[in-house]
Amino acid sequence: MNEMLIETIMTRGARSVSPDVLLADVLTMLRDNNYSCVVIAEADETVGIITERDVVRILANVGKGKGVLSMKVSEAMTSPVVTVNEKDRLFDALVISKTRGIRHLPVVDAAGRLTGMVTQSDLVKVYFQVFERQREIIEKSISERTEALMRANEKLKVLSMEDPLLGIGNRRAMEVDLQHTHAAALRYKYPYSVILIDLDYFKSYNDHYGHPAGDEALKGVTRVLKANIRGADRLYRYGGEEFLVLLPQIGADGARIVAVKMIEKVRGANFRHCRSSYQAITISAGVSSFSEEGGGRSSWKVIVKTADIRLYKAKEGGRNRAVSEG
């Protein structure tokens, strides 16, 4: 699965229409052809999508004075649309679909032209087919040779997108998501931000309370963080007691507000920590943002590195705080 490409499973010949087409005509197309979505393209570039969810939203507005029959599709489409490249790996597409709750992913070529469509159902089906094949390899390897078993186990690890302890995205899924988010930000000229979070004095917590208690503390902090971000935001375990929050289409000011809120909520949860000067588990955060005016930030890795530097400054400044500048 690590090497399988989108072009091997996508449905080719996806239907697209111009933004100037009447919405009524698109709804008729969906009904008559039993389509679940229609892609909107302009000058060979994918600019939007109309899905079954959009139809429900549109119909809900009928009673609010909006004339569906007279609307152009550009007024109702979801835009910008998240796409994947036909040369992307199947794993990458599955991460994007799962983390963003997207059921339909238009597939484009290197020039950005629409070449097909892949659905969440397609991705999940192939994922479990590959996973089952890997499991069979393991079972067979048990009776054959230990070396083959170890290789098969490593392949299974590659399939994982979630941290097994916390049930949130792992480092591998995070990198895929950041890469796509950064590319979309460059293409559509909108910002995004990351917040790098670290639990304060966590080594001393583990030393005093024990590692099982430390695992429970991580779970508790995870619940607090998840409860204080938007549905569009994504939370990942960066490593150890570090987390990364990805905030699409949120600039520096908004990201700082989110970071401060999470710091206050974790402190307010009163997870006892007698070895901390705050007598409770606290977090520190480094905030970094990408925008067209960012200057020299050609890679998401630069954004994360900046957040890491600012997290270190938050630690040096006394912990239980966020640093978003300097």
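Residue-wise test of (1) open to solvent by 10 Å² or more (accessible area, probe 1.4 Å); (2) under 20 Å from Arg15 (Cβ atoms); (3) in contact (Cβ under 8 Å) with a residue 60 or more places away in the chain.
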| residue | (1), (2), (3) |
| --- | --- |
| Val84 | no, yes, yes |
| Arg89 | yes, no, yes |
| Val107 | no, yes, yes |
| Thr115 | yes, yes, yes |
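Against the test of being open to solvent by 20 Å² or more (accessible area, probe 1.4 Å), of a type in the set (Ser, Thr, Tyr) and within 23 Å of Ile250 (Cβ to Cβ), the options Tyr209, Tyr201, Tyr190 yield a single qualifying residue, Tyr190. Looking only at the range 6-47, residues that are closer than 25 Å to Phe128 by Cα, open to solvent by less than 50 Å² (accessible area, probe 1.4 Å) and part of a strand (DSSP E or B) come to 1 in all.
Could you please find all residues in the range 69-105 being in contact with a Leu (Cβ under 6 Å, 6 or more places away or on another chain) and assigned to a strand (DSSP E or B)? Hit for the range 69-105 is Val84, nothing else.
Within the range 259-274, the set of residues being open to solvent by less than 20 Å² (accessible area, probe 1.4 Å) and within 25 Å of Phe290 (Cβ to Cβ) comprises Ala259, Met262, Ile263.
From Val124, Val130, Val107, Val158, grab the single residue that is closer than 22 Å to Glu7 by Cβ and modelled with pLDDT of 85 or more. Walk me through how you get there before you give the answer.
On the way: Val124 fails: modelled with pLDDT of 85 or more; Val130 fails: modelled with pLDDT of 85 or more; Val158 fails: modelled with pLDDT of 85 or more.
From the options Val124, Val130, Val107, Val158, the qualifying one is Val107.
When Arg256, Arg234, Arg230 are screened for being at pLDDT below 95 and open to solvent by 10 Å² or more (accessible area, probe 1.4 Å), only Arg230 passes.
The values are calculated or read from the model by the stated rules, or taken from the named source; none is laboratory data. The structure displayed is predicted, hence computed values, not measured ones. A quick note on method: Cβ atoms are made from the backbone with ideal geometry, for glycine too, and the neighbour counts reach across all protein chains shown. In case anyone asks, the SASA skips ligands and DNA or RNA and just uses the protein heavy atoms, side chains included. Shrake-Rupley method; radii C 1.70, N 1.55, O 1.52, S 1.80 Å.
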